[in-house]
Amino acid sequence: MTKEKSTYSVQTVDKALDLLEALADEVPPATLPNLTERLGLSRNKVFRLLATLEGRGLVEREEGSGVYRLGVSSVALAQRFISSASIIRHAHPVMEELVRKHDEAVYLTVLLGDEVLFLDMVDCWQNVKTTPMVGKKFPFFTNAAGKVLKALESQEILERLFKRRGRRKDLPDFEVLGTELTAIREKGVAVEQGGLGEGVVTVAVTIKDYAGKVIGALAMLGPSFRMLSDRVENEIIPSLKEGAEVLSMKFGYAPI
(Lines give C-alpha, C1' and ligand atoms only; values in the text may rest on other atoms or scores of the structure.)
Protein backbone atom coordinates (compact mmCIF):
# COMPACT_ATOMS: atom_id res chain seq x y z
CA MET A 1 0.00 0.00 0.00
CA THR A 2 1.38 3.41 -0.95
CA LYS A 3 1.77 6.18 1.61
CA GLU A 4 -0.88 8.25 -0.17
CA LYS A 5 -3.43 5.43 -0.10
CA SER A 6 -2.65 4.67 3.55
CA THR A 7 -3.23 8.30 4.49
CA TYR A 8 -6.52 8.36 2.59
CA SER A 9 -7.71 5.20 4.34
CA VAL A 10 -6.95 6.60 7.79
CA GLN A 11 -8.76 9.83 6.99
CA THR A 12 -11.80 7.92 5.76
CA VAL A 13 -11.98 5.88 8.95
CA ASP A 14 -11.55 9.05 10.99
CA LYS A 15 -14.46 10.73 9.19
CA ALA A 16 -16.61 7.62 9.58
CA LEU A 17 -16.00 7.69 13.34
CA ASP A 18 -16.82 11.42 13.43
CA LEU A 19 -20.06 10.57 11.66
CA LEU A 20 -20.96 7.84 14.15
CA GLU A 21 -20.28 10.25 17.06
CA ALA A 22 -22.53 12.85 15.42
CA LEU A 23 -25.31 10.28 15.07
CA ALA A 24 -24.92 9.30 18.74
CA ASP A 25 -25.44 12.92 19.84
CA GLU A 26 -28.76 13.27 17.93
CA VAL A 27 -28.52 17.09 18.20
CA PRO A 28 -29.47 18.59 15.82
CA PRO A 29 -31.56 15.96 13.96
CA ALA A 30 -29.11 13.93 11.86
CA THR A 31 -30.35 14.79 8.39
CA LEU A 32 -27.95 14.81 5.45
CA PRO A 33 -27.72 18.66 5.36
CA ASN A 34 -27.10 18.89 9.13
CA LEU A 35 -24.44 16.17 9.04
CA THR A 36 -22.75 17.81 6.05
CA GLU A 37 -22.53 21.12 7.91
CA ARG A 38 -21.37 19.57 11.18
CA LEU A 39 -18.63 17.43 9.64
CA GLY A 40 -17.42 20.06 7.18
CA LEU A 41 -17.52 17.59 4.29
CA SER A 42 -19.21 17.67 0.91
CA ARG A 43 -22.75 16.35 0.68
CA ASN A 44 -21.54 13.60 -1.66
CA LYS A 45 -18.85 12.35 0.79
CA VAL A 46 -21.24 12.29 3.73
CA PHE A 47 -23.83 10.43 1.65
CA ARG A 48 -21.27 7.81 0.63
CA LEU A 49 -20.17 7.33 4.24
CA LEU A 50 -23.78 6.96 5.35
CA ALA A 51 -24.52 4.48 2.56
CA THR A 52 -21.48 2.37 3.53
CA LEU A 53 -22.40 2.33 7.22
CA GLU A 54 -26.04 1.67 6.40
CA GLY A 55 -24.99 -1.34 4.33
CA ARG A 56 -23.28 -2.80 7.43
CA GLY A 57 -26.29 -2.14 9.64
CA LEU A 58 -24.42 0.49 11.66
CA VAL A 59 -26.73 3.28 10.46
CA GLU A 60 -30.46 3.38 9.72
CA ARG A 61 -32.53 6.02 7.89
CA GLU A 62 -36.10 6.98 8.69
CA GLU A 63 -38.04 7.00 5.44
CA GLY A 64 -40.42 9.83 6.24
CA SER A 65 -38.11 12.32 7.94
CA GLY A 66 -34.80 11.40 6.30
CA VAL A 67 -33.18 11.39 9.77
CA TYR A 68 -30.27 8.98 10.22
CA ARG A 69 -29.78 7.04 13.45
CA LEU A 70 -27.39 4.43 14.80
CA GLY A 71 -28.45 1.01 13.60
CA VAL A 72 -28.96 -2.30 15.36
CA SER A 73 -25.43 -3.45 14.52
CA SER A 74 -24.00 -0.41 16.35
CA VAL A 75 -25.92 -1.37 19.48
CA ALA A 76 -24.77 -4.99 19.23
CA LEU A 77 -21.17 -3.87 18.76
CA ALA A 78 -21.38 -1.57 21.78
CA GLN A 79 -22.85 -4.36 23.90
CA ARG A 80 -20.02 -6.72 22.95
CA PHE A 81 -17.50 -4.06 23.96
CA ILE A 82 -19.25 -3.42 27.26
CA SER A 83 -19.44 -7.10 28.14
CA SER A 84 -15.73 -7.61 27.39
CA ALA A 85 -14.30 -4.56 29.15
CA SER A 86 -12.56 -5.72 32.35
CA ILE A 87 -13.58 -2.78 34.52
CA ILE A 88 -17.23 -3.34 33.62
CA ARG A 89 -16.99 -7.10 34.18
CA HIS A 90 -15.62 -6.48 37.67
CA ALA A 91 -17.88 -3.51 38.47
CA HIS A 92 -21.25 -4.89 37.42
CA PRO A 93 -21.70 -7.40 40.31
CA VAL A 94 -20.72 -4.70 42.81
CA MET A 95 -23.22 -2.31 41.23
CA GLU A 96 -25.95 -4.97 41.34
CA GLU A 97 -25.35 -5.50 45.05
CA LEU A 98 -25.57 -1.75 45.72
CA VAL A 99 -28.88 -1.54 43.85
CA ARG A 100 -30.27 -4.55 45.76
CA LYS A 101 -29.32 -2.85 49.01
CA HIS A 102 -30.54 0.71 48.30
CA ASP A 103 -32.89 0.43 45.29
CA GLU A 104 -31.34 3.44 43.53
CA ALA A 105 -29.64 3.55 40.13
CA VAL A 106 -25.86 2.99 40.16
CA TYR A 107 -23.47 3.96 37.35
CA LEU A 108 -19.89 3.21 36.45
CA THR A 109 -18.20 6.35 35.15
CA VAL A 110 -14.79 7.11 33.63
CA LEU A 111 -12.93 10.22 32.54
CA LEU A 112 -12.45 11.05 28.88
CA GLY A 113 -10.19 14.10 28.92
CA ASP A 114 -12.16 16.80 30.70
CA GLU A 115 -15.48 14.97 30.43
CA VAL A 116 -17.04 12.15 32.42
CA LEU A 117 -18.60 9.25 30.51
CA PHE A 118 -21.43 7.22 32.04
CA LEU A 119 -20.25 3.81 30.91
CA ASP A 120 -22.53 1.25 32.54
CA MET A 121 -25.65 1.19 34.72
CA VAL A 122 -27.71 -1.03 36.98
CA ASP A 123 -31.19 0.44 37.34
CA CYS A 124 -33.47 0.41 40.37
CA TRP A 125 -37.06 -0.87 40.67
CA GLN A 126 -38.57 2.42 41.81
CA ASN A 127 -41.56 3.92 39.98
CA VAL A 128 -39.88 7.34 39.94
CA LYS A 129 -36.46 7.14 38.25
CA THR A 130 -33.85 9.46 36.83
CA THR A 131 -33.34 9.54 33.06
CA PRO A 132 -30.91 6.80 31.93
CA MET A 133 -27.48 8.26 31.14
CA VAL A 134 -25.44 5.34 29.78
CA GLY A 135 -23.26 6.54 26.91
CA LYS A 136 -23.68 10.21 27.76
CA LYS A 137 -20.78 12.60 28.45
CA PHE A 138 -20.74 15.71 30.61
CA PRO A 139 -18.06 18.28 31.52
CA PHE A 140 -16.46 17.06 34.73
CA PHE A 141 -17.36 20.18 36.72
CA THR A 142 -21.11 19.72 36.19
CA ASN A 143 -21.58 16.60 38.29
CA ALA A 144 -20.38 14.66 41.35
CA ALA A 145 -18.84 11.80 39.36
CA GLY A 146 -16.67 14.16 37.32
CA LYS A 147 -15.61 16.13 40.37
CA VAL A 148 -14.59 13.09 42.40
CA LEU A 149 -12.62 11.81 39.39
CA LYS A 150 -10.79 15.13 39.00
CA ALA A 151 -10.32 15.88 42.70
CA LEU A 152 -6.87 14.24 42.90
CA GLU A 153 -5.43 16.28 40.02
CA SER A 154 -3.09 19.10 40.94
CA GLN A 155 -4.04 22.76 41.06
CA GLU A 156 -1.69 23.46 38.15
CA ILE A 157 -3.51 21.00 35.87
CA LEU A 158 -6.86 22.56 36.68
CA GLU A 159 -5.50 26.07 36.11
CA ARG A 160 -4.21 25.06 32.68
CA LEU A 161 -7.60 23.54 31.87
CA PHE A 162 -9.44 26.76 32.67
CA LYS A 163 -6.94 28.90 30.77
CA ARG A 164 -7.31 26.63 27.75
CA ARG A 165 -11.09 26.93 27.83
CA GLY A 166 -10.94 30.70 28.01
CA ARG A 167 -13.82 32.79 29.38
CA ARG A 168 -16.71 30.51 28.51
CA LYS A 169 -19.95 31.36 30.31
CA ASP A 170 -20.63 27.76 31.32
CA LEU A 171 -17.46 27.49 33.41
CA PRO A 172 -17.79 27.72 37.20
CA ASP A 173 -15.72 30.07 39.32
CA PHE A 174 -12.26 28.53 39.51
CA GLU A 175 -11.63 29.35 43.19
CA VAL A 176 -15.02 27.97 44.25
CA LEU A 177 -14.42 24.79 42.24
CA GLY A 178 -10.92 24.44 43.68
CA THR A 179 -12.27 24.67 47.24
CA GLU A 180 -14.96 22.11 46.43
CA LEU A 181 -12.46 19.67 44.92
CA THR A 182 -10.20 20.01 47.97
CA ALA A 183 -13.12 19.09 50.25
CA ILE A 184 -14.00 16.13 48.00
CA ARG A 185 -10.39 14.94 48.07
CA GLU A 186 -10.34 15.06 51.87
CA LYS A 187 -13.67 13.27 52.30
CA GLY A 188 -13.20 10.80 49.47
CA VAL A 189 -16.75 11.35 48.22
CA ALA A 190 -18.68 13.89 46.17
CA VAL A 191 -22.33 14.72 46.77
CA GLU A 192 -24.22 17.04 44.47
CA GLN A 193 -27.79 18.12 43.89
CA GLY A 194 -29.05 19.39 40.54
CA GLY A 195 -25.89 18.88 38.49
CA LEU A 196 -27.49 16.16 36.37
CA GLY A 197 -31.02 17.50 36.43
CA GLU A 198 -33.42 19.34 38.69
CA GLY A 199 -34.09 17.42 41.88
CA VAL A 200 -31.45 14.77 41.13
CA VAL A 201 -28.93 13.95 43.88
CA THR A 202 -25.68 12.20 42.93
CA VAL A 203 -23.17 10.54 45.25
CA ALA A 204 -19.84 9.38 43.76
CA VAL A 205 -16.67 7.66 44.97
CA THR A 206 -13.49 6.68 43.11
CA ILE A 207 -12.15 3.30 42.01
CA LYS A 208 -8.35 2.89 42.12
CA ASP A 209 -5.82 0.43 40.70
CA TYR A 210 -2.69 -1.20 42.15
CA ALA A 211 -0.72 2.05 41.82
CA GLY A 212 -3.38 4.14 43.54
CA LYS A 213 -4.39 5.70 40.22
CA VAL A 214 -8.05 6.64 39.83
CA ILE A 215 -9.51 4.53 37.00
CA GLY A 216 -13.21 5.26 37.42
CA ALA A 217 -15.99 6.11 39.83
CA LEU A 218 -19.17 4.56 41.16
CA ALA A 219 -22.09 6.99 41.22
CA MET A 220 -25.54 6.55 42.74
CA LEU A 221 -28.36 8.74 41.43
CA GLY A 222 -31.82 9.34 42.82
CA PRO A 223 -34.49 12.00 43.33
CA SER A 224 -33.96 14.38 46.21
CA PHE A 225 -37.11 13.26 48.05
CA ARG A 226 -35.51 9.82 48.47
CA MET A 227 -31.86 10.87 48.71
CA LEU A 228 -32.25 12.68 52.01
CA SER A 229 -29.17 13.93 53.87
CA ASP A 230 -29.35 11.41 56.72
CA ARG A 231 -29.77 8.51 54.30
CA VAL A 232 -26.92 9.73 52.10
CA GLU A 233 -24.51 10.18 55.02
CA ASN A 234 -25.40 7.11 57.08
CA GLU A 235 -26.34 4.53 54.46
CA ILE A 236 -25.34 5.39 50.90
CA ILE A 237 -21.87 6.87 51.37
CA PRO A 238 -20.61 3.97 53.55
CA SER A 239 -22.01 1.42 51.07
CA LEU A 240 -20.52 3.17 48.04
CA LYS A 241 -17.13 3.44 49.74
CA GLU A 242 -17.23 -0.24 50.65
CA GLY A 243 -18.22 -1.20 47.11
CA ALA A 244 -15.48 0.96 45.60
CA GLU A 245 -12.91 -0.58 47.96
CA VAL A 246 -13.96 -4.11 46.97
CA LEU A 247 -13.76 -3.16 43.30
CA SER A 248 -10.40 -1.38 43.71
CA MET A 249 -8.94 -4.47 45.36
CA LYS A 250 -9.83 -6.46 42.23
CA PHE A 251 -7.41 -4.13 40.40
CA GLY A 252 -4.67 -4.67 42.99
CA TYR A 253 -5.30 -1.62 45.16
CA ALA A 254 -4.24 -2.10 48.78
CA PRO A 255 -5.88 0.48 51.10
CA ILE A 256 -3.60 1.85 53.80
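Roll a 1.4 angstrom probe over the protein heavy atoms and tell me the percent of accessible area of the stretch 180-229 that is carbon or sulfur.
Working: 1090 of 2190 Å².
Here it works out to 50 percent.
Using the structure shown, list the pairs from K15/K150; K137/K213; K136/K241 with a Cα-Cα distance above 26 Å, or answer none.
K15/K150
Charges on Cβ only, +1 for Lys and Arg, -1 for Asp and Glu, centred on the Cα centroid of the stretch 180-220; of A183, V214, A204, which one is farthest towards the dipole's positive end?
V214
Which loop-located trypsin sites (Lys or Arg not before Pro) does the stretch 187-255 contain, where loop means any DSSP state but H, G, I, E or B and the Cβ has at most 13 other Cβ atoms within 10 Å?
Values: sites: K187, K208, K213, R226, R231, K241, K250; in loops: K213, R226.
Qualifying residues, ordered by number: K213.
Between beta-carbons, use under 15 Å as the cut-off and find the net charge around Q126, counting Lys and Arg +1, Asp and Glu -1.
Details: positive: R100, K101, K129, R226, R231; negative: D103, E104, D123.
Cβ neighbours under 15 Å give a net charge of +2.
Taking loop as defined by DSSP and a crowding limit of 15 other beta carbons within 10 Å, which GluC sites (Glu not before Pro) in the stretch 27-76 fit? Intermediate values should be presented prior to the final figure.
Numbers: sites: E37, E54, E60, E62, E63; in loops: E62, E63.
Answer in residue order: E62, E63.
Sorted by accessible area with a 1.4 angstrom probe, largest first, how do T202, T182 fall? Intermediate values should be presented prior to the final figure.
Details: T202 5, T182 50 Å².
The residues order as T182, T202, largest area first.
With a cap of 12 neighbouring Cβ atoms within 10 Å, and only residues DSSP puts in a loop, list the chymotrypsin sites (Phe, Trp or Tyr not before Pro) found in the stretch 110-157. Show your work: numbers first, answer last.
On the way: sites: F118, W125, F140, F141; in loops: W125.
For chymotrypsin sites (Phe, Trp or Tyr not before Pro) across the stretch 110-157 that sit outside H, G, I, E and B with at most 12 neighbouring Cβ atoms in 10 Å, the list reads W125.
The values are calculated or read from the model by the stated rules, or taken from the named source; none is laboratory data. Since we're looking at a predicted model, the values are computed, not measured. So basically every Cβ, Gly included, is an ideal-geometry build from the backbone, and we count neighbours across all protein chains shown. For the accessible areas, the whole protein counts, side chains as well, though only heavy atoms, and no ligand, DNA or RNA atoms are used. Shrake-Rupley method; radii C 1.70, N 1.55, O 1.52, S 1.80 Å.
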